[in-house]
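Since the structure comes first, as C-alpha coordinates, the remarks are kept for the end.
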Amino acid sequence: MFKKILFCTDFSENSHWAFTYTLNLAKTYKSKLFILHVTPEPYHPEQLSIYLPQEKLEELRTSQKKELDKELNTHYLRKLKEFKNYKVLFKEGEPFVEIIQMAKDILKNTGHEVSVHSPSER
(Lines give C-alpha, C1' and ligand atoms only; values in the text may rest on other atoms or scores of the structure.)
Protein backbone atom coordinates (compact mmCIF):
# COMPACT_ATOMS: atom_id res chain seq x y z
CA MET A 1 0.00 0.00 0.00
CA PHE A 2 2.67 2.54 1.02
CA LYS A 3 5.95 2.25 -0.86
CA LYS A 4 7.43 5.45 0.53
CA ILE A 5 6.66 7.29 3.75
CA LEU A 6 7.86 10.80 4.57
CA PHE A 7 8.12 11.47 8.31
CA CYS A 8 8.73 15.13 9.18
CA THR A 9 9.93 15.99 12.64
CA ASP A 10 10.50 19.05 14.75
CA PHE A 11 11.78 16.81 17.58
CA SER A 12 8.74 17.63 19.72
CA GLU A 13 7.03 15.14 22.03
CA ASN A 14 4.20 14.79 19.48
CA SER A 15 6.73 13.94 16.76
CA HIS A 16 8.22 11.22 18.94
CA TRP A 17 4.82 9.60 19.38
CA ALA A 18 4.05 9.94 15.68
CA PHE A 19 7.32 8.24 14.80
CA THR A 20 6.28 5.04 16.58
CA TYR A 21 3.14 4.89 14.44
CA THR A 22 5.05 5.80 11.28
CA LEU A 23 7.73 3.18 11.87
CA ASN A 24 5.06 0.51 12.39
CA LEU A 25 3.46 1.49 9.08
CA ALA A 26 6.81 1.31 7.31
CA LYS A 27 7.52 -2.14 8.76
CA THR A 28 4.03 -3.44 7.99
CA TYR A 29 4.10 -2.34 4.35
CA LYS A 30 7.86 -2.76 3.84
CA SER A 31 8.02 0.91 2.88
CA LYS A 32 11.04 3.14 2.44
CA LEU A 33 11.01 5.60 5.34
CA PHE A 34 12.30 9.13 4.84
CA ILE A 35 13.00 11.04 8.07
CA LEU A 36 13.08 14.79 7.45
CA HIS A 37 13.93 17.72 9.70
CA VAL A 38 13.85 21.28 8.36
CA THR A 39 15.77 23.99 10.18
CA PRO A 40 14.42 27.47 9.51
CA GLU A 41 16.94 29.87 8.03
CA PRO A 42 17.82 32.89 10.18
CA TYR A 43 15.64 35.86 9.26
CA HIS A 44 18.62 38.11 8.57
CA PRO A 45 21.72 35.93 8.23
CA GLU A 46 23.74 38.87 6.97
CA GLN A 47 23.27 40.56 10.35
CA LEU A 48 24.81 37.61 12.16
CA SER A 49 28.09 38.14 10.33
CA ILE A 50 28.19 41.71 11.66
CA TYR A 51 28.22 40.48 15.25
CA LEU A 52 29.97 37.13 14.93
CA PRO A 53 33.20 36.33 13.10
CA GLN A 54 33.04 33.61 10.43
CA GLU A 55 34.77 31.06 12.68
CA LYS A 56 32.12 31.56 15.38
CA LEU A 57 29.35 31.16 12.81
CA GLU A 58 30.92 27.85 11.74
CA GLU A 59 31.18 26.75 15.39
CA LEU A 60 27.50 27.58 15.84
CA ARG A 61 26.52 25.54 12.75
CA THR A 62 28.66 22.62 13.90
CA SER A 63 27.12 22.75 17.37
CA GLN A 64 23.60 22.83 15.93
CA LYS A 65 24.41 19.86 13.66
CA LYS A 66 25.72 17.85 16.62
CA GLU A 67 22.57 18.63 18.60
CA LEU A 68 20.35 17.55 15.68
CA ASP A 69 22.33 14.32 15.30
CA LYS A 70 21.93 13.65 19.04
CA GLU A 71 18.15 14.24 18.87
CA LEU A 72 17.88 12.04 15.80
CA ASN A 73 19.78 9.20 17.41
CA THR A 74 18.03 9.48 20.78
CA HIS A 75 14.48 9.58 19.48
CA TYR A 76 14.50 7.79 16.13
CA LEU A 77 17.54 5.83 15.03
CA ARG A 78 17.60 3.75 18.22
CA LYS A 79 14.03 2.65 17.50
CA LEU A 80 14.81 1.48 13.97
CA LYS A 81 16.81 -1.55 15.21
CA GLU A 82 16.60 -4.13 12.38
CA PHE A 83 14.67 -1.80 10.05
CA LYS A 84 17.21 -0.67 7.43
CA ASN A 85 15.06 0.79 4.66
CA TYR A 86 15.33 4.44 5.67
CA LYS A 87 17.04 7.68 4.72
CA VAL A 88 17.66 10.69 6.96
CA LEU A 89 17.30 14.15 5.41
CA PHE A 90 18.17 17.55 6.83
CA LYS A 91 17.10 20.69 5.00
CA GLU A 92 17.35 24.39 5.74
CA GLY A 93 14.62 26.81 4.73
CA GLU A 94 10.96 27.54 5.27
CA PRO A 95 9.67 24.26 6.75
CA PHE A 96 6.36 24.02 4.88
CA VAL A 97 8.04 24.80 1.55
CA GLU A 98 10.82 22.26 2.08
CA ILE A 99 8.40 19.57 3.25
CA ILE A 100 6.15 19.97 0.20
CA GLN A 101 9.17 19.99 -2.13
CA MET A 102 10.57 16.86 -0.49
CA ALA A 103 7.21 15.08 -0.83
CA LYS A 104 7.18 15.97 -4.53
CA ASP A 105 10.78 14.78 -4.97
CA ILE A 106 10.09 11.49 -3.21
CA LEU A 107 7.02 10.78 -5.32
CA LYS A 108 8.63 11.88 -8.57
CA ASN A 109 8.46 9.13 -11.18
CA THR A 110 5.88 7.12 -9.23
CA GLY A 111 2.83 8.41 -11.05
CA HIS A 112 1.28 9.68 -7.82
CA GLU A 113 0.32 13.21 -6.92
CA VAL A 114 1.17 14.93 -3.66
CA SER A 115 -1.76 15.94 -1.49
CA VAL A 116 -0.98 18.06 1.54
CA HIS A 117 -3.54 18.61 4.28
CA SER A 118 -3.27 20.44 7.54
CA PRO A 119 -5.26 19.31 10.57
CA SER A 120 -7.44 22.42 10.28
CA GLU A 121 -8.69 21.31 6.83
CA ARG A 122 -10.27 18.13 8.14
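From 55, 59, which residue is assigned to a helix (DSSP H, G or I) and surrounded by 11 or more Cβ atoms within 10 Å (Cβ to Cβ)? Walk me through it before giving the result.
Values: 55 fails: surrounded by 11 or more Cβ atoms within 10 Å (Cβ to Cβ).
The conditions single out 59.
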Next item on the list: Look at residue 26 and say whether it is in contact with a Leu (Cβ under 6 Å, 6 or more places away or on another chain) and in a helix (DSSP H, G or I).
Entry: yes
Margin query: Condition first: under 25 Å from residue 24 (Cα atoms), loosely packed, with under 12 Cβ neighbours inside 10 Å and of a type outside the set (Lys, Arg). Now tell me which residues in the stretch 74-107 satisfy that.
Written below: 82
Note to self: Please pick out the residue among 47, 64 that is surrounded by fewer than 13 Cβ atoms within 10 Å (Cβ to Cβ) and modelled with pLDDT under 80.
What the structure shows: 47
Check: So is residue 82 over 16 Å from residue 16 (Cα atoms), charged (D, E, K, R) and in contact with a strand residue (DSSP E or B) (Cβ under 9 Å, 6 or more places away or on another chain) or not?
Finding: no
Next item on the list: For the stretch 12-27, name all the residues that are surrounded by fewer than 17 Cβ atoms within 10 Å (Cβ to Cβ) and either closer than 21 Å to residue 64 by Cβ or not β-branched (Val, Ile, Thr) (or both).
Entry: 12, 13, 14, 16, 17, 18, 21, 24, 25, 27
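The values are calculated or read from the model by the stated rules, or taken from the named source; none is laboratory data. Computed from a predicted model, the values in this text were never measured in an experiment. Because the Cβ atoms are built from the backbone with ideal geometry, glycine has one as well, and the counts that use them run over all protein chains shown.
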